[in-house]
Amino acid sequence: MAKMVSGKVALVTGGGSGIGRETASLFASEGARVWVVDCSQESIEETVTSIGKRGGIAQGACVDVSDEAEVEATIENCIRAYGQLDCAVNSAGISGPQALLKDLTLEEFSRAVAINLNGTFVCMKHEIRAMESTGHGAIVNLSSGAGWIGTPGLGAYCATKHGVLGLTKTAALEMARSGVRVNAICPGSIDTPMLQASMAQGEAISAMIRSSMPIGRLGEASEVAEAALWLCSDRASLVTGISMAVDGGAVSR
Ligand SMILES: NC(=O)c1ccc[n+]([C@@H]2O[C@H](COP(=O)([O-])OP(=O)(O)OC[C@H]3O[C@@H](n4cnc5c(N)ncnc54)[C@H](O)[C@@H]3O)[C@@H](O)[C@H]2O)c1
């Protein structure tokens, strides 16, 4: 069977862990050359090495996605290395502080905004600029179920993930005639280091997370990667501006 993204170049932010790492690996095994972006050099090296061992092509760059100059430079470096940019999956993010809004400091709130929302914005901005000149491209942003519904105790995270959906829909409409498609994925509770850190905070939170999935189990990062792969592939040629739930039925309740 033909590989889904054969010959394409894919940039994956947050590619050092969890959903981003699985996405980078899947894109590489489906024929893409991958540019792995993360703020942890060690985790980038693990992803790149593991892709290389399986015969895939990947390079990495240590970048803070909230720093526009770093983002712009790494996209230029990706294009210098690979000659093009066809797909981007913006997965870098943090879960942010767990606190009621009335107890949340502006500093904590602003940090979540800087990484999850500003970071997604600057990545999209420079990915779009790189793609529009070629007349094609596909971007997938990682939002969350918390991008659709209020989430007590996660106000900062929730606000940023709602914002990611606003950016996604706007960019999809702005780019609709350019050949660049922009979509979002809203995962449920996915078993990654981010979720494990939340679950480690106590039995009550852990039980709440486990019960959040109607399917009766946590999701796997690889299951989210499959959705990103399809959205970035030419098989999704009519799909732009959507937010796709990959959540075992969580938002259908
Ligand atoms: N795991 C879940 O249950 C879940 C659910 C819904 C949405 N999401 C979203 O999916 C995305 C990936 O989450 P995950 O669970 O794989 O998390 P993760 O913590 O396993 O991976 C996130 C990666 O982002 C990187 N990162 C953080 N801040 C960065 C920055 N400033 N610049 C560059 N890289 C940075 C981290 O180093 C890490 O490698 C996030 O946007 C998250 O909000 C996750």
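The values are calculated or read from the model by the stated rules, or taken from the named source; none is laboratory data. What you are looking at is a predicted structure, and each value in this text was computed from that prediction instead of being measured. Cβ sites come from the backbone with ideal geometry, for glycine too, and all protein chains shown count toward neighbours. The area values use the complete protein model at the heavy-atom level, side chains included, leaving out ligands, DNA and RNA. Shrake-Rupley method; radii C 1.70, N 1.55, O 1.52, S 1.80 Å.
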Being without any contact (Cβ under 8 Å) to a residue 24 or more places away in the chain and open to solvent by 20 Å² or more (accessible area, probe 1.4 Å) is the requirement here; does ALA81 meet it?
no
Taking first residues from region 54-68 that are on the phi < 0 side of the Ramachandran plot and second residues anywhere that are open to solvent by 40 Å² or more (accessible area, probe 1.4 Å) and near the ligand (Cβ under 8 Å from one of its atoms), the pairs with Cβ under 6 Å that are 6 or more apart or on different chains are ASP64/CYS39
Failed condition for MET1, given (1) over 25 Å from THR160 (Cα atoms); (2) more than 12 Å from the ligand (Cβ to nearest atom); (3) at pLDDT 95 or above, with all others met?
(3)
Residue list for region 111-136, restricted to those being touching a Leu at 6+ places or on another chain (Cβ under 7 Å), more than 10 Å from the ligand (Cβ to nearest atom) and without any contact (Cβ under 8 Å) to a residue 60 or more places away in the chain
PHE121, MET124, ALA130, MET131
Condition first: of a type in the set (Asp, Glu) and within 20 Å of ALA236 (Cβ to Cβ). Can you find one or more residues in region 106-125 that meet it?
no
Do the conditions hold for ILE51, that is, is it within 16 Å of the ligand (Cβ to nearest atom) and at pLDDT 95 or above?
yes
Within the group ILE51, ILE75, which residue is over 18 Å from GLY18 (Cα atoms) and assigned to a helix (DSSP H, G or I)?
ILE75
Any chance ILE190 is within 30 Å of SER29 (Cβ to Cβ) and open to solvent by less than 60 Å² (accessible area, probe 1.4 Å):
yes
Select from region 69-78 the residues that are touching a residue at least 12 places away in the same chain (Cβ under 8 Å) and among the hydrophobic types (A, V, I, L, M, F, W, C) and list them in ascending order.
VAL71, ILE75, CYS78
Restricting to region 130-147, give me the number of residues that are assigned to a helix (DSSP H, G or I) and touching a helix residue (DSSP H, G or I) at 6+ places or on another chain (Cβ under 8 Å).
4
Among residues of region 1-48 being charged (D, E, K, R) and in a loop (DSSP other than H, G, I, E, B), the residue most open to solvent (accessible area, probe 1.4 Å) is LYS3
Among the residues in region 93-110, are any open to solvent by less than 40 Å² (accessible area, probe 1.4 Å), more than 10 Å from the ligand (Cβ to nearest atom) and of a type in the set (Gly, Ala, Ser)?
yes
Filtered residues of region 207-238 (kept if open to solvent by less than 30 Å² (accessible area, probe 1.4 Å) and away from the ligand (no atom under 13 Å from the Cβ))
LEU229, LEU231, CYS232, SER233, ALA236
Region 167-222: number of residues that are within 22 Å of CYS87 (Cβ to Cβ) and either in contact with a Pro (Cβ under 6 Å, 6 or more places away or on another chain) or assigned to a loop (DSSP other than H, G, I, E, B) (or both):
7
So, in region 8-41, how many residues would count as being more than 13 Å from the ligand (Cβ to nearest atom) and farther than 21 Å from HIS126 by Cα?
5
Can you name the residue in region 54-73 that is buried (at least 23 other Cβ atoms within 10 Å of the Cβ) and farther than 14 Å from THR120 by Cα and is also nearest to the ligand (Cβ to nearest atom) among such residues?
GLY60
Positions within region 144-162 being of a type outside the set (Phe, Trp, Tyr), within 10 Å of the ligand (Cβ to nearest atom) and within 15 Å of GLU107 (Cα to Cα), in sequence order:
THR160
